[in-house]
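Colleague: First the structure, which I've put down as structure tokens, then a few questions once you've had a look.
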Amino acid sequence: SVMRTKISFIGCGDAFGSGGRLQTCILVSTAAMRFTIDFGATSLVGLRQRNIDPNSIDAVLLTHLHGDHCAGIPFLLLDAVLGSRRERPLTIAGPRSTQRHLNDLQESLFPGSSGMKPAFALNFRELVHDACTTFDSLEVRAIAARHTPQAEPSALKVTSAGKTIAYTGDGEYTDALSEFVHGVDLLIAESYSYDKPIPGHLNYEDIDRLQAKRIVLTHMNAGMLARADTLAQVCAYDGLEIEI
């Protein structure tokens, strides 16, 4: 039988630790490869808690440059060089400023580390809006998201092993987003707030305007988490695994 695509929520929380949840890290495993969408500050801890070898990850795709979505990468790279002794290549794909931002972040978090030279191939790829970026066995599409502009935000749609997964990242509802995610096999949609619209974010009332074969809600604040058990939709939690 064909191996199905497995999605594991290593972390599904917000930037404020709401509900004691780890920050965003969505692990996708196919027969061909393994990648994450986003890699928040707690991601390496989350992987270790689940006994997942960080060296088994081929690529990291970033929706934007906020710390709860990308700040785990300096820890991943430090571990790769000094801890896990990584040998296989790693691709990090994200907004235009990703490589510079992560280099600065690494030196801020680990002063003196910027001279580290990986023994493995470390590749950076830009995910250009309204274009398709192909590497390994992935096709990645990105569109602009309506979130903090300085974080260079995108929504992403990834096709691998014949399945398409979309993730809204952080950002307000737009008709372009609805069109972009329409009909995908799995839509991971932030639903930050239940009844009070928060600028720069999707809120629960927006979810009805998004259509996909399956939807999982994520990145929920305390008010949204308090209602998660009462909702019709599947709400992510750290450790949730689904197959498509």
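Colleague: Please work out which residue is surrounded by the most Cβ atoms within 10 Å (Cβ to Cβ), limiting yourself to segment 4-40 and to residues that are assigned to a loop (DSSP other than H, G, I, E, B) and small (Gly, Ala, Ser). Give the steps one after another, and end with the answer.
Modeller: Residues of segment 4-40 assigned to a loop (DSSP other than H, G, I, E, B): 4-5, 12, 14-17, 21-22, 24, 30-33, 38-40.
In the following step, the residues that additionally are small (Gly, Ala, Ser) were identified as 15, 17, 31-32, 40.
Values: Ala15: 17, Gly17: 13, Ala31: 11, Ala32: 13, Gly40: 26.
The selected residue is Gly40.
Colleague: Here is a further query. Take the residues of segment 193-235 that are of a type in the set (S, T, N, Q) and over 23 Å from Thr36 (Cβ atoms): which is surrounded by the fewest Cβ atoms within 10 Å (Cβ to Cβ)? Reasoning before the result, please.
Modeller: First, the residues of segment 193-235 that are of a type in the set (S, T, N, Q): 193, 203, 211, 218, 221, 230, 233.
When the remaining residues are screened for being over 23 Å from Thr36 (Cβ atoms), the result is 193, 203, 211, 230.
Details: Ser193: 19, Asn203: 19, Gln211: 13, Thr230: 8.
The residue in question is Thr230.
Colleague: Going by what's in this entry, would Ser113 be described as open to solvent by less than 20 Å² (accessible area, probe 1.4 Å), over 19 Å from the mean Cα position of the chain (by Cα) and modelled with pLDDT under 95?
Modeller: Working: open to solvent by less than 20 Å² (accessible area, probe 1.4 Å): yes; over 19 Å from the mean Cα position of the chain (by Cα): yes; modelled with pLDDT under 95: yes.
Yes: the conditions hold for Ser113.
Colleague: From Glu152, Glu190, grab the single residue that is of a type in the set (Asp, Glu) and either open to solvent by less than 30 Å² (accessible area, probe 1.4 Å) or within 17 Å of Ile26 (Cα to Cα) (or both).
Modeller: On the way: Glu152 fails: either open to solvent by less than 30 Å² (accessible area, probe 1.4 Å) or within 17 Å of Ile26 (Cα to Cα) (or both).
Answer to the check: Glu190.
Colleague: Turning to a different aspect of this structure: Restricting the first residue to segment 79-108 and requiring it to be open to solvent by less than 30 Å² (accessible area, probe 1.4 Å), which pairs with a second residue that is of a type in the set (Val, Ile, Thr) meet a Cβ separation below 6 Å and a spacing of at least six or different chains?
Modeller: Ile92/Val60; Leu102/Ile73
Colleague: Here is a further query. Quick one: would you say Gly200 is more than 22 Å from Leu65 (Cα to Cα) and either more than 17 Å from the chain's Cα centre (by Cα) or in a loop (DSSP other than H, G, I, E, B) (or both)? It would help to see each step written out before you state the result.
Modeller: Working: more than 22 Å from Leu65 (Cα to Cα): no; either more than 17 Å from the chain's Cα centre (by Cα) or in a loop (DSSP other than H, G, I, E, B) (or both): yes.
When the stated conditions are applied, Gly200 does not pass them.
Colleague: I've got another one for you. Residues Ser56, Ser43: which one is of a type in the set (Gly, Ala, Ser) and either at positive phi or open to solvent by 10 Å² or more (accessible area, probe 1.4 Å) (or both)? Walk me through it before giving the result.
Modeller: Numbers: Ser43 fails: either at positive phi or open to solvent by 10 Å² or more (accessible area, probe 1.4 Å) (or both).
The match here is Ser56.
Colleague: So is His69 surrounded by 22 or more Cβ atoms within 10 Å (Cβ to Cβ) and outside any helix (DSSP H, G or I) or not?
Modeller: Details: surrounded by 22 or more Cβ atoms within 10 Å (Cβ to Cβ): yes; outside any helix (DSSP H, G or I): no.
Against the criterion (surrounded by 22 or more Cβ atoms within 10 Å (Cβ to Cβ) and outside any helix (DSSP H, G or I)), His69 does not qualify.
The values are calculated or read from the model by the stated rules, or taken from the named source; none is laboratory data. Keep in mind it's a predicted model, so treat the numbers as computed, not measured. So basically every Cβ, Gly included, is an ideal-geometry build from the backbone, and we count neighbours across all protein chains shown. When the accessible area is computed, the model is the full protein with side chains, heavy atoms only, and any ligands, DNA or RNA have been set aside. Shrake-Rupley method; radii C 1.70, N 1.55, O 1.52, S 1.80 Å.
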